[in-house]
Each structure stands twice: as C-alpha cells, then as structure tokens.
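Nothing in this text is a laboratory measurement; each read-out follows from the coordinates by a stated rule. This structure is a prediction, so every number in the text was calculated from the model and none was measured. Ideal geometry is used to build each Cβ from the backbone, glycine not excepted, and the neighbour counts take in all protein chains shown.
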Amino acid sequence: MATPPPKFHPRMFFSARRYGHGGRLGIDYLAHGPDWCELVLPFSPDLIGDVGRGVLASGPVVALLDMATSVAVWLKRDAFVPHATLDLRVDYLRPAAPGRTVTGRGECYRLAKRVAFVRGIAHDGDPDDPIAHVAGTFMTTGTVDA
Amino acid sequence: MILPPYAKVLGVTIEAGEGAPLLSMPFGEDVLGRPGFVHGGALAGLLELAAIAALAVELEAAGREDVGYKPINVTVDFMRGGRDNMTFAQGRVVRLGSRIANVEAAAWQDARDRPVASARMNFLISGSASA
C-alpha cells in the first residue's frame, strides 16, 4: 500500500516559501478555510506594468491567483498532492489602485480524481469591488490513490 | 517598445522578430515555481508581455501608435513544465479592430513546435493614449 500524501499546512508552506517567483513578488499567506485560501501581494514599484498610470502589471495578479487557487486545491484535498496548472482565465475588471496591497482569494469548488476546478477573485481592499476574476483547472502530476 | 519595470523582475529581454518582437526569459530564482520548474505566473507574465509587444508593433505599423490599450482578459494554457532553460515568447495579433484587439502568444523552450504555454488576450483600444 502506498504511503498517503502528506497533509498540507498553508501557514507552514508560506513561512518556508520565501523563495522563487512568489517570494520575489512578495506574495504571502493571509487566511484559509477548508476549500479556500487568501494570499496577499504587496504593492511594489518593481511590479508596475503601466508606467504612465502607475498601475500594477497584470502578470503578478495572475501569479497571485495561480498560487491562491493552487493552495485551495491542496486544502480541499486535505493533502499535498503535486499538480500542475492546466489553464487559467483571468478577467481584468478594473485596474488596481496604485500603492494598494492586492488580496487574492482562491476557492476549489469541485475536486475530481485528477482534475480540480477553481475560481477566485483579486481585490485591493473591498472584496465586493474586485479588480480581477479567475477560473481555472489543475491536474495532478503524479499517481493518485482513490 | 519599452518594457515596464515588471519585465525586469522577470528578466525579460526583447528583440525585433519576424513580425512581432521576440521575448526571452532566462531561468532563475526570480521565476522559479516548484523546484526545477518555471512558475506558471511568470510564464503568464511573459506571454502577456509578448502579446502587448505584438499589439504595440501592429498599432505602430497601422499608424495608430498614439492609441491606448488595456487588457480585458487573458486565458493561459499550460502544456509542459518550463525547465532550467531560456523561455522564448512571441505574440500575434489575430484581429486589430477599432475598439478591440484579439491577440495570441506562445512560449517555448527547446523547439517552437513544442510549446510550454500559450495565451489569448483581448484588449480594449481607446481613442488616444491620454484618454
């Protein structure tokens, strides 16, 4: 019988994860529940995509939502099973206000054996007035024990 | 085309290509996802920059370099893990209208016909950059 996959602890995951692209962007843990996770992306002049308006580039928002939805899948699965992003669609509802921290909230709303379906939003202070909306899927990369 | 500060975070460089500009992103700590692989967010960022570069060149060729454009949405498909190699990306304007531009972009490493990821973006085009 195969060893069960390790449990997933988002707080520990992010405390040990000041590396890589997420670390470079300054993405950090905020909160989580049984099937959702909130991460924050602090504003930095480095991350500007529109110099004239001082607006955050869209790339870091995609990275934030990719990570928040990815964590939501591990939470819903209650296990750290390796997976890869299959696809993501992000709607840019409005630009983020310059200087604001952006919060990304990801939710896993359907977990199949190999494919996980996710959705979420990004906001810059008011969750009822989001800056972006995401929908996507993840696929397990290793073997899955049912 | 002048790349924004965010492109420097990704380490992206740009050169004139056949048609749209060719973008390159070296592998490294700043774009790392799971160990040994490029972060999906960095690939998405590279694809968006390639799409924007293609649109900017197309607008200039049409004598419309003064117009502004904003991304409406992006859809990214991830086909392979990006390994410890240079990642290339190039965009293509599928349709340039008066108000909307439909642009696609592809990213690859060892061979162009083995894409790592691809994206489609829709842009809203405004009357002028200052509008």
Charge dipole (the protein assembly as shown, unit charges on Cβ, about Cα centre) - positive-most of B:ALA62, A:THR141, B:ILE72: A:THR141
Selection from A:TYR92, A:TYR19, A:VAL51, by position along the positive dipole direction of segment A:10-140 (Cβ): A:TYR19
Helical mean residue ellipticity (222 nm; -39500 (n - 2.57) per DSSP H run of 4+; nearest 500) of the protein assembly as shown: -6500 deg cm²/dmol
Calculated from backbone phi, Karplus (6.51, -1.76, 1.60) coupling profile of segment A:72-81 in Hz, x at Gly/Pro: 4, 5, 5, 5, 5, 6, 6, 6, 8, 9
Positive minus negative residues near A:ASP35 (Lys, Arg vs Asp, Glu; Cβ under 13 Å): +2
Dipole moment magnitude, nearest 20 debye, chain A about Cα centre, only Lys, Arg, Asp, Glu C-beta charged: 420 debye
Only Lys, Arg (+1) and Asp, Glu (-1) charged, at Cβ; the protein assembly as shown dipole about Cα centre in debye: 640 debye
Cβ-derived FRET efficiency at R0 30 Å, B:ARG95 paired with A:VAL115, nearest 0.05: 0.40
Residues in segment A:103-146 that a label on A:PHE80 would reach, taking backbone N under 16 Å of a point 7 Å out along Cα→Cβ: A:141-142
